1. Taking a 24 Å limit on the Cα-Cα distance, which of the listed pairs 322/446; 33/563; 579/624; 446/486 fall beyond it?
2. Taking the simple approach of a point 7 Å from Cα along Cα-to-Cβ for both residue 363 and residue 190, what is their distance in nm?
3. Please name whichever of 478, 345, 390 sits farthest to the positive end of the charge dipole of segment 280-559, dipole taken about the Cα centre and charges placed at Cβ: Lys and Arg +1, Asp and Glu -1.
4. As an exercise, identify the trypsin sites (Lys or Arg not before Pro) in segment 234-335 lying in DSSP coil whose Cβ has no more than 12 other Cβ atoms within 10 Å.
5. Compute the separation of the alpha-carbon centres of segment 542-577 and segment 477-508 and state it in Å as a whole number.
6. Can you pull out the cysteines in the chain that have no other Cys Cβ under 4.7 Å?
7. Could you work out how much longer the chain between residue 682 and residue 395 gets when fully extended? Use 0.36 nm per residue separation minus the Cα distance between them, nm to one decimal.
8. Of the beta bridges DSSP finds with both residues in the chain, what % are antiparallel, to the nearest 5?
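A short reminder: the numbers here are calculations on the coordinates, not readings from a lab. Every value quoted in this text rests on a predicted model; they were computed, and no experiment measured them. Heads up, the Cβs are rebuilt from the backbone with ideal geometry, glycines too, and the neighbour counts pull from every protein chain shown.
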Amino acid sequence: MKHSKILFLLIFITNAFVAKADEGMWLPQLLGKLNESRMKSLGMKISAEDIYSINKGSLKDAIVSFGGFCTGEVISTKGLVLTNHHCGFDAIQNHSTLQNNYIRDGFWSKTNADEIPNKGLFATFIVRIDDVSKEALAGVTANMSEAERMAAIDKNLQQINKNTKKEATQKSFTRGFFEGNQYYLFVTETYNDVRLVGAPPSAIGNFGKDTDNWVWPRHTGDFSMFRIYASKDNKPADYSVDNVPFTPKKSLNISIDGIAENDFTMVFGFPGRTTEYLYSAAVEQIRTVNDPAKIAIRDKALNIIDGFMRKDEGIKIQYAAKYASIQNAYKKWQGEVLGLTRTDGVGRKKTQEIEFQKRVDANPSLKEKYGTLLQTLEAGYADIKSLVLARDYYQEIVSKIEIFTIVAQLNSLANAFEKNGQKGFDEAKLKVKAMLEDFMKEFNPKVDRKLFEGLMEMYVKNQPANVVSPMVKTLYDNGIAAAADKIYGENTFTDLSKLNVLIDGKPEDLVAFMKTSNTLALQKDLLATYQTAVQKDLTAVQNRITLAQRTYMQAQMDVFKEKTFFPDANSTLRVTFGKVQGYKPRDGVYFDFKTDLDGVMEKYKPGDYEFDVPEKLRTLYKNKDYGQYSVAGKMPVCFIATNHTTGGNSGSPALDAYGNLIGLNFDRVWEGTMSDINYDPTICRNIMVDIRYVLFIVDKFAGADWLVKEMKLVHPKKK
């Protein structure tokens, strides 16, 4: 019995506290110290220095933060960048018209001169990463308040950035890790001339759309191509016709040998946000309170927008990007709830917390520091539960009703005049006009009115009265349609020409108009109610939780010495690794690790919004005209692996054991979207486009073989 107990304890510790399988989003400069031996045991053939080096060109020099919201990779010596179709979608949409519908038909440049500039789009490289924890935390003490602590750290960070050695074209920033217990400095170089080179039609690039989003098996060619341009000396430069294609320090070789089950894979990119080390009560609130509320709000919004998009091609173009953005998180949260429930994410956290408390109580020094920490977290999450629900209602609903965004822009202009007179007005005017001109291209007052009616009804009915705006209650007493009449009857806010007349007129007239606006009054009342009834208390409780969570993060590292911890994602460069593997989503069902073009044709529905297939692709399939990209008569499309990814990893390269490009990360399986909170290797899988499908579409479907000729194709499995 004694030996059985010891064995059980060892198994328990191994399963619960050692990093699960190959979970983790690792800082690339630390791979040599923390991960290289494990990666090589899984099959990696290159060194940690081949991945990250400041002394020679390495894989990191081919990876870019694409627009600050996705990842891209350089795949030629002429600055050609590959990323997801959904990452490039805004650019594709902005250049689309009813006459040149690049969303529907795709776009392919024939020469560099045809490549289309994209205002505001950028690609950022990481030059180096330095540990500056000691300097960042200098002078910080345990008895400081949160405000005092952040003030001290901010002052330190300003000095760190000021003292950082970098070239004139480079910048630097610092970011906190492990809940602010460590800090790293990132030196970057950003290129602002990024041009659209090519994109498949959405029937390929977004095949399956809403139905297949977050779902496996997947058959989506989710890719697009851009090119970085630089000055003639290869330095960052704003757009100019004199700029030339950028020459990178490193571009990725492309393997066309394909993948097999259990092959080593590595994903390199900029994951956005994870919260792997939360207390159990926080996870339970996400599962049962916050996610369900946000799902319900977005379900209402999506149904309204979809109803208009299906009837009007113009609205479909206008709202395509917004719809996709709303739907993406909506479906992700559904999968998150499912995954947390199925894997008992809360129970697993509680099991760890029991062991944590046991170890703390057994060690006097740990008990003195952390003895009551879990009770503090429990109390904090009990106090914040209703407040974060009200926050989610306010943020989700107000952000979806876009007339509030328009009125806020006008009000900022009125405030600029009242604060700084004509000079302040003139300075703000240019920014406001430019913003509204872009914004109104994707705004339709009929759609927005229906969103107002549907979402405001939820705002009033589904919340306690004390957090609901009094003005909304008054308007709602006369019926939601009457309330909408009152708001959208102020049609100056919904007509760009009328907005411009108001903006170009006398500032005094604009100020007077805003003071009589029902829409502005409603927006202000919504905000004021939120600030007084929710935000004030929320901030105070959140500060308590932030302090306790930061302490808990350090406590976990102090207590569970046997575990190697990785920092939560925070939009900084990371490496994750694993193996190509299928999975079992539920009893009696097993999903293979790959899909092919047969599956596209099995889903094909002529004329369908989601599952139509272009005629040329159907012809290529019929003739089995796959070029050099097929295997055993099949055309590979997608595959999955155990790489730990999240938002921001969209567009990240999937690399083989030699660091060659084998795929393009674009999604996760629905059952495993809870990996942001609770990674489980049994069902967490990332989804990638097979690079051979990308090349096939570029070459055989688009006829853009000149782009393939730019790339270096290799055969690593023939070594």
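1. Working: 322/446 16 Å; 33/563 14 Å; 579/624 30 Å; 446/486 14 Å.
Where the Cα-Cα span goes over 24 Å, the pairs concerned are 579/624.
2. 4.2
3. Of the candidates, 345 comes out farthest on the positive side.
4. Passing both the DSSP loop test and the Cβ count: 273, 310, 311.
5. 48
6. 638, 684
7. 99.9 nm
8. Details: 67 of 70 bridges.
DSSP beta bridges in the chain are roughly 95 percent antiparallel.
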